[in-house]
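The values are calculated or read from the model by the stated rules, or taken from the named source; none is laboratory data. Quantities reported herein were computed from a predicted structural model and do not represent experimental measurements. Please note: Cβ atoms are built from the backbone with ideal geometry, for glycine as well, and neighbour counts cover all protein chains shown. Surface accessibility is based on the protein's heavy atoms, side chains included, excluding ligands, DNA and RNA. Shrake-Rupley method; radii C 1.70, N 1.55, O 1.52, S 1.80 Å.
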Amino acid sequence: MKPIEQTDIAIIGAGPSGAAAAAWLAGRGHQVRVLERGHFPRFSIGESLLPQCMPHLAACGLMESVVDAGYQNKNGAAFCHGERYAAIDFRDKYTAGPGTTWQVERADFDQRLINGAMAHGARVDFGMTVTGFNADSQTPSLEIINQQGEQSTLQARFVLDASGYGRVLARLEQLDRPSTLPPRAALFTHVEDHISAADHDREKILIGVHPEHQGIWYWLIPFSNGRASIGVVGDPQQLDGVADDDSSRLWTLLRQEPRFARLLENAVPTRDIQRLAGYSADIESLHGPGFAILGNAGEFLDPVFSSGVTIALDSAVRAAPLVERQLEGNTIDWASEFEAPLREGIATFRDFVDAWYDGSLQTIIFHQRQEPRLREMIASVLAGYAWDKSNPYVAVSRRRIKTLAERCAMDAAPLSPGNETLPR
């Protein structure tokens with residue numbers, strides 16, 4: 001007979017959203033059990049945080065776990081396309097809040113976060129695979145198997161799925177739905193970058209555009225230890241047509257972008273080249289009887305604006321107080337109190353992702369004459385403040401981006417904020 005264990009809250013996954021929710025709930029005295037399939041530290045991409053992450057880390061009591069780690073400071077994003085270069089400083093933004101954050105090696109960052117959750121009282125079990133789920137508004141339960149092949153059942157009063165790309169409950173509850181974003185692939189690695197160029201700003205992620213194909217873009221994320229994360233993203237067929245293997249594809253494409261070729265001419269890889277394909281995902285619902293789904297375990301867009309960890313942490317700080325209220329006997333409308341507001345911010349990021357790939361956002365970013373207030377509004381979204389409804393580029397971002405891009409393309413001076421002639 002399989003043993004049956006019990007807890008207040010079961011959390012699937014020990015990544016940023018799982019660690020944040022666990023820290024918040026355990027810190028308030030709840031019994032929290034985190035089930036992680038892998039073992040930490042473990043490699044992950046998503047290394048360039050956004051400033052919106054900082055208040056979320058503080059709210060969960062995790063800032064002390066990472067503040068002294070010596071991570072690379074980050075104050076913005078830089079973009080290059082051929083001879084064109086533009087930098088956006090997150091400190092010059094429309095929305096109140098931090099304007100700086102970090103660029104982190106996720107193996108260390110995620111380890112520190114889950115250690116912080118354990119310090120708050122959460123129990124974390126590694127090497128645990130969730131094989132089944134029984135949704136129930138009062139006592140949802142998980143079927144688990146450990147690395148020794150031993151099976152058990154964990155009953156909880158509520159379950160949070162923070163399994164990331166594993167998407168455990170999306171699969172078990174058949175909640176997956178096709179993403180509206182086209183399939184793309186990423187090739188990436190870490191390097192000793194040996195960058196000595198005086199014009200390279202290590203406090204910004206560098207995003208480059210392929211000289212001929214605007215749908216292919218590059219990232220360069222410097223770390224504080226002289227290493228960097230580098231990668232290229234594009235249509236899988238385009239990437240595969242460049243060379244016969246992923247290592248050759250990545251380095252051939254990097255050398256085709258002049259600034260990246262110059263900056264990385266002395267780079268030495270420290271990891272094998274990895275590929276991640278078909279990563280964009282969507283879901284029918286982010287909640288159900290006795291459960292809610294956090295971060296990438298629900299919907300993931302695209303890595304271009306580094307929104308993954310921000311969405312993960314935002315979902316955790318939204319869900320955790322609702323879980324506490326539900327355990328106290330309150331009736332929670334998960335649709336209106338959790339899913340709807342979370343998806344509003346995700347929709348803003350999606351508009352910016354779509355605008356990047358159709359070229360309209362690139363037109364705006366590289367335009368030489370930009371009205372400062374408009375630039376501040378766009379900087380706010382790129383800094384992660386995608387839920388600030390006072391920002392016009394959050395409220396109706398798709399129409400405003402399109403209108404502004406059309407004006408920039410005509411080389412007209414950008415419009416003043418709020419005065420765009422928007423299509424009906």
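Peptides 69-81, 244-256 ranked from most to least packed by the mean count of surrounding Cβ atoms within 10 Å: 69-81, 244-256.
Fully extended, how many nm does the chain gain between Glu192 and Asn225 (0.36 nm per residue separation, minus their Cα-Cα distance)? Gain on extension, Glu192 to Asn225, equals 11.0 nm.
Placing a label point 7 Å from the Cα of Asp199 along the Cα-to-Cβ direction, the residues of region 76-100 whose backbone N falls under 20 Å from that point are 76-89.
Pairs of Lys residues in the chain are counted when their Cα atoms are under 27 angstrom apart and they lie 8 or more places apart or on different chains; the count is 9.
Net charge dipole, the chain: roughly 580 debye, given to the nearest 20, about the Cα centre with Cβ charges of +1 for Lys and Arg and -1 for Asp and Glu.
Computing FRET efficiency as 1/(1 + (r/R0)^6) for Ile4 and Ala119, where r is the C-beta to C-beta distance and R0 is 30 Å, gives about 0.60.
Relative contact order for region 13-163: 33 percent, from Cα pairs under 8 Å spaced at least 6 residues apart, divided by residue count. Seen from Lys2, the other residues with C-beta closer than 14 Å to its C-beta sum to a net charge of -3, counting Lys and Arg as +1 and Asp and Glu as -1. If the segment from Ser152 to Ala409 were pulled out straight at 0.36 nm per residue, it would be longer than the present Cα-Cα gap by 86.4 nm.
Per residue, the chain exposes 40 Å² of accessible surface when a 1.4 Å probe is rolled over the protein heavy atoms with every protein chain present. Residue ranges 146-152, 7-13, 317-323 sort as 7-13, 317-323, 146-152 when ordered by packing (mean number of other C-beta atoms within 10 Å per residue, highest first). Under the combined filter of DSSP loop state and at most 15 neighbouring Cβ atoms within 10 Å, region 294-345 retains these GluC sites (Glu not before Pro): Glu328. Relative contact order of the chain: 20 percent, from C-alpha pairs under 8 Å at least 6 residues apart in sequence.
Compared with the alpha-carbon gap, the fully stretched path from Asp333 to Arg275 is longer by 17.0 nm at 0.36 nm per residue.
Once both labels are positioned 7 Å from their Cα atoms along Cα-to-Cβ, the gap between Phe43 and Ala96 label points is 4.3 nm.
Loop-resident trypsin sites (Lys or Arg not before Pro) (DSSP state other than H, G, I, E or B) in region 360-402 with no more than 14 further Cβ atoms inside 10 Å of their Cβ: Arg369, Lys389. Ranked by the mean number of other Cβ atoms within 10 Å of their residues, highest first, the peptides 113-119, 207-213 fall in the order 113-119, 207-213.
Just to be sure I understand the model, the point goes 7 Å from the Cα along the line to the Cβ. What's the resulting Phe126 to Tyr165 distance in nm? Placing both labels 7 Å along Cα→Cβ, they lie 1.9 nm apart.
Any idea which of Ile12, Trp24, Leu239 is furthest toward the positive side of the dipole for the chain, if Lys and Arg beta-carbons carry +1 and Asp and Glu beta-carbons -1? Farthest towards the positive end: Trp24. Could you let me know the centre-to-centre spacing of region 294-365 and region 17-91, using Cα atoms, in angstrom? When both Cα centres are located, 15 Å separates them. The portion of the accessible surface of the chain made up by carbon and sulfur, rounded to a whole percent, is 46 (1.4 Å probe; DNA, RNA and ligands excluded).
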